[in-house]
DNA sequence: GCGACAG
DNA sequence: ATCTTGTCGC
Ligand SMILES: [Mg+2]
């Protein structure tokens with residue numbers, strides 16, 4: 001896919017924060033088209049890491065929503081270039097995802113990132129960053145909270161409460177599976193708060209993560225195991 | 001100064 | 001994220 005917004009990735013944490021501060025105006029928290037309520041093709045992304053080798057393992061899943069099955073999957077292995085710093089996850093994970101996004105030919109209806117969208121100190125978390133880069137609707141679906149407060153959440157699947165930063169709503173806390181820890185939904189790019197929740201609920205399957213995201217995570221794990229067993233030579237870039 | 005802190 | 005088997009609870 002064509003990359004609409006490019007910038008350097010070889011940055012210090014301070015420069016990364018500055019880039020985010022300068023780019024936050026690019027994030028659009030409004031609905032794109034009404035069609036997006038029922039996306040037909042979604043893409044889910046995930047990245048895993050191996051400390052000993054400093055390698056990272058990226059997976060992409062193209063998912064056919066009506067059919068409920070993957071259309072295509074892709075993976076990529078390369079050295080990790082940025083540490084985990086709270087608030088700067090984009091700079092750790094996106095470099096490994098770029099080759100996969102370049103190889104993606106068809107533009108999906110929605111991209112699901114494994115991390116926050118606007119539920120971020122500067123309102124440009126991983127999922128928003130990816131959406132803006134590709135100028136493409138995206139959704140943040142995180143497994144834990146980065147910032148924000150919220151009321152108690154009912155235990156039933158589908159229950160949701162607002163995630164607030166002060167008096168500003170930045171997303172939702174969603175019970176994606178009964179009696180399981182919640183997940184954190186926020187607009188990535190070109191998606192409203194309301195639509196973000198509709199999309200997440202519409203994508204919900206039997207597990208805590210939606211099927212596309214779950215598969216991406218599984219692929220990442222399998223790839224990691226495989227490279228550990230066979231050695232990096234045949235995989236690394 | 002201290003605790004929290006996506007993956 | 002990752003290290004790791006069984007175990008408790010819905
Ligand atoms: Mg992940």
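The values are calculated or read from the model by the stated rules, or taken from the named source; none is laboratory data. Fair warning: this is a prediction, and the values are worked out from it, not measured in the lab. Neighbour counts are summed over all protein chains in view; Cβ atoms, including those assigned to glycine, are modelled from backbone coordinates with ideal geometry.
I need the full set of residues from segment A:219-230 which are surrounded by 14 or more Cβ atoms within 10 Å (Cβ to Cβ) and either free of Cβ contacts under 8 Å to residues at least 24 places away in the same chain or not in a helix (DSSP H, G or I) (or both), in order please. Correct list: A:222, A:226.
Report the residue count in segment A:133-170 for those that are in contact with a helix residue (DSSP H, G or I) (Cβ under 7 Å, 6 or more places away or on another chain) and either modelled with pLDDT under 95 or buried (at least 22 other Cβ atoms within 10 Å of the Cβ) (or both).
First pass over segment A:133-170, keeping only residues in contact with a helix residue (DSSP H, G or I) (Cβ under 7 Å, 6 or more places away or on another chain): A:134, A:137-141, A:158, A:160, A:169.
Narrowing further to those that are either modelled with pLDDT under 95 or buried (at least 22 other Cβ atoms within 10 Å of the Cβ) (or both): A:137-141.
Summing the residues that are in contact with a helix residue (DSSP H, G or I) (Cβ under 7 Å, 6 or more places away or on another chain) and either modelled with pLDDT under 95 or buried (at least 22 other Cβ atoms within 10 Å of the Cβ) (or both) in segment A:133-170 gives 5.
Of all residues in segment A:184-218, those satisfying the criterion of being within 15 Å of DNA strand C (Cβ to nearest atom), surrounded by fewer than 22 Cβ atoms within 10 Å (Cβ to Cβ) and in a loop (DSSP other than H, G, I, E, B) are A:206, A:207, A:208.
Only a single criterion out of (1) surrounded by 16 or more Cβ atoms within 10 Å (Cβ to Cβ); (2) part of a loop (DSSP other than H, G, I, E, B); (3) within 16 Å of the ligand (Cβ to nearest atom) is not satisfied by residue A:181, namely (1).
Residues in segment A:206-225 that are over 19 Å from residue A:72 (Cβ atoms) and more than 14 Å from the ligand (Cβ to nearest atom) were compared, and the one that is nearest to the chain's Cα centre (by Cα) is A:207. Pull out all pairs, ordered by first then second residue, where Cβ-Cβ is under 7 Å, the residues are six or more apart or on different chains, the first lies in segment A:141-166 and is closer than 12 Å to residue A:181 by Cα and assigned to a strand (DSSP E or B), and the second is within 16 Å of the ligand (Cβ to nearest atom) and modelled with pLDDT of 95 or more. From residues that are closer than 12 Å to residue A:181 by Cα and assigned to a strand (DSSP E or B), the pairs are A:142/A:115; A:142/A:116; A:142/A:183; A:142/A:184. Here residue A:151 qualifies as more than 14 Å from DNA strand B (Cβ to nearest atom), in contact with a strand residue (DSSP E or B) (Cβ under 6 Å, 6 or more places away or on another chain) and more than 18 Å from residue A:128 (Cβ to Cβ).
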